[in-house]
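Each remark here refers to the structure printed beneath this line.
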Amino acid sequence: MAGSLYKALTGSLTLVRVALMGTRAPLFVSWNLTFRCNLRCAYCGVEDAIGPELDTDGVIRGLESLWKQGARWVTFSGGEPLTRSDIGEIVKAARNLGYSVFISTNGALIPRKEDVIRQVDHVTLSLDGPREVHDAARGQGAFDQVMRAVEICRGIGVSTSFQCTLCKCNVDVVDDALELAETLGVPIMFQPATMRLDSSSRPNPIAPDPDALRRAMEQIARAAREGAPVLNSPEGLRHLSRWPNKADIWCGAGRLFCVVEPDGYVLACHQFQFAEAAQSRAVATGRDAGRRALPGELQGEQFASMSPLPGCAECWCGPIVELAMLARFRPGAWRLAVRRQLGLLRRRRRG
Ligand SMILES: C[S@@+](CC[C@H](N)C(=O)[O-])C[C@H]1O[C@@H](n2cnc3c(N)ncnc32)[C@H](O)[C@@H]1O
Ligand code: SF4
Ligand code: SF4
């Protein structure tokens, strides 16, 4: 407990330095360990991006080098990170280095990977709504797998939250997702499904209607005011309600966070490579949005020598938007972050 409070305090100081003084540190690393996945969600195109992957040693050396640059929180994501057979070794190494370790997962493999889950600090589970809604976006049986994952995490005392991606299937029924989160006592963060499939340049056939998305954001903000366990700040929700129109926001890409792709290539931001801003810049297209890695360069070195991005005004990822709100000292975002750190986000809305 004292250790995590100390880390939260020093992390906050780093964030303030980056925000006010223009220094850089990869405080938050999102590491896509693989683009392989056991599901085929309708709004996601990770299968288009499947390619070479760093081996266990490569990942561990990368974690060491990023730690030296100031990285302190790592989220293992993908694709589905639990499909990596060496995920246990990777998580253990990250913990030994001192990282706070998060896993972003669809939950399906948690029953087989309980030993790994025991070692992480937090599990983010995708949840799009009740069974029929969740399964419509994510495939038959996916909902029951998330419920089982919640049960297991609770049983072994690992904290969880839900990540809810709003698409055509659920944008009109966010109350259902909110109610489920409340009933289960698991806080929930929302974000719009993007116009393109995740990790792909193909269009997303179930992107939500923009007006419906705006109404959903208002509804979520209302529920949060009444005490629902929502992990988006009021300021973050206001930003997201402008989707898909361009909306300026402080950009932490390559300043406060970075993304490591499965092959070890460091991007300032995963979203930027698919943004219009990247497509229109001759030097920053496709995978080279951010910078080009030199052969053999470790991930910390890649971060150190990259140029931060100019920002793309197409920032729709819930956690990244919250970081931006913190870096701009929005009071609602700070209140939420402090409450989250102190573990105060409990259900207390409907009696
Ligand atoms: C790419 S997944 C990787 C982790 C894991 N496989 C999972 O689904 O939780 C991370 C998050 O991205 C979300 N996501 C996928 N496609 C998206 C899209 N087109 N727009 C916004 N979020 C998306 C998922 O719902 C999930 O919460
Ligand atoms: S959202 Fe996650 S679970 Fe669904 S296909 Fe993409 S990577 Fe797999
Ligand atoms: S503004 Fe664009 S480049 Fe910057 S973090 Fe957001 S999505 Fe990434």
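The values are calculated or read from the model by the stated rules, or taken from the named source; none is laboratory data. Small disclaimer: the values here were computed from a predicted structure and weren't measured. Cβ sites come from the backbone with ideal geometry, for glycine too, and all protein chains shown count toward neighbours.
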So is S100 hydroxyl-bearing (S, T, Y), crowded, with 18+ Cβ neighbours inside 10 Å, at pLDDT 95 or above and touching an Asp or Glu at 6+ places or on another chain (Cβ under 6 Å) or not?
-> yes
Residue by residue through the stretch 327-340, note down the ones that are aliphatic (A, V, I, L, M) and either without any contact (Cβ under 8 Å) to a residue 12 or more places away in the chain or not in a helix (DSSP H, G or I) (or both).
-> V338
Over the stretch 71-127, the set of residues without any contact (Cβ under 8 Å) to a residue 24 or more places away in the chain and part of a loop (DSSP other than H, G, I, E, B) is S85
Read through the list (1) within 16 Å of ligand 2 (Cβ to nearest atom); (2) over 15 Å from E276 (Cα atoms); (3) among the acidic types (D, E), then give the number of the only condition that E218 fails.
-> (1)
Determine, yes or no, whether P244 is surrounded by fewer than 21 Cβ atoms within 10 Å (Cβ to Cβ), in a loop (DSSP other than H, G, I, E, B) and either within 13 Å of ligand 3 (Cβ to nearest atom) or among the charged types (D, E, K, R) (or both).
-> yes
Filter result for E53 (more than 16 Å from the chain's Cα centre (by Cα), away from ligand 3 (no atom under 16 Å from the Cβ) and either closer than 18 Å to N106 by Cβ or part of a loop (DSSP other than H, G, I, E, B) (or both)) = yes
Selection over the stretch 168-197 where residues are outside any helix (DSSP H, G or I) and crowded, with 19+ Cβ neighbours inside 10 Å yields a count of 13
Check D48 against each of (1) within 14 Å of ligand 1 (Cβ to nearest atom); (2) modelled with pLDDT of 95 or more; (3) part of a helix (DSSP H, G or I); (4) surrounded by fewer than 16 Cβ atoms within 10 Å (Cβ to Cβ) and name the one condition it does not meet.
-> (2)
In the stretch 225-241, anything of a type outside the set (D, E, K, R), in a helix (DSSP H, G or I) and within 12 Å of L323 (Cα to Cα) is listed as G236
Pick from the stretch 247-268, criterion hydrophobic (A, V, I, L, M, F, W, C) and in contact with a Phe, Trp or Tyr (Cβ under 8 Å, 6 or more places away or on another chain), ranking: surrounded by the most Cβ atoms within 10 Å (Cβ to Cβ) = C258
Quick one: S201 ticks every box in (1) over 29 Å from S100 (Cα atoms); (2) in contact with a Lys or Arg (Cβ under 7 Å, 6 or more places away or on another chain) bar one, so which box is it?
-> (2)
Determine which member of the set G290, G264 is modelled with pLDDT of 90 or more, touching a Leu at 6+ places or on another chain (Cβ under 7 Å) and not in a helix (DSSP H, G or I).
-> G264
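Here is a yes/no grid of residues against (1) aromatic (F, W, Y); (2) farther than 20 Å from P229 by Cβ:
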site: V123; (1), (2): no, no
site: F143; (1), (2): yes, no
site: I156; (1), (2): no, yes
site: V174; (1), (2): no, no
Inter-residue pairs, beta-carbon under 8 Å, first closer than 20 Å to M195 by Cβ and more than 8 Å from ligand 3 (Cβ to nearest atom) and in the stretch 309-326, second at pLDDT 95 or above and small (G, A, S), 6+ apart | G318/G236
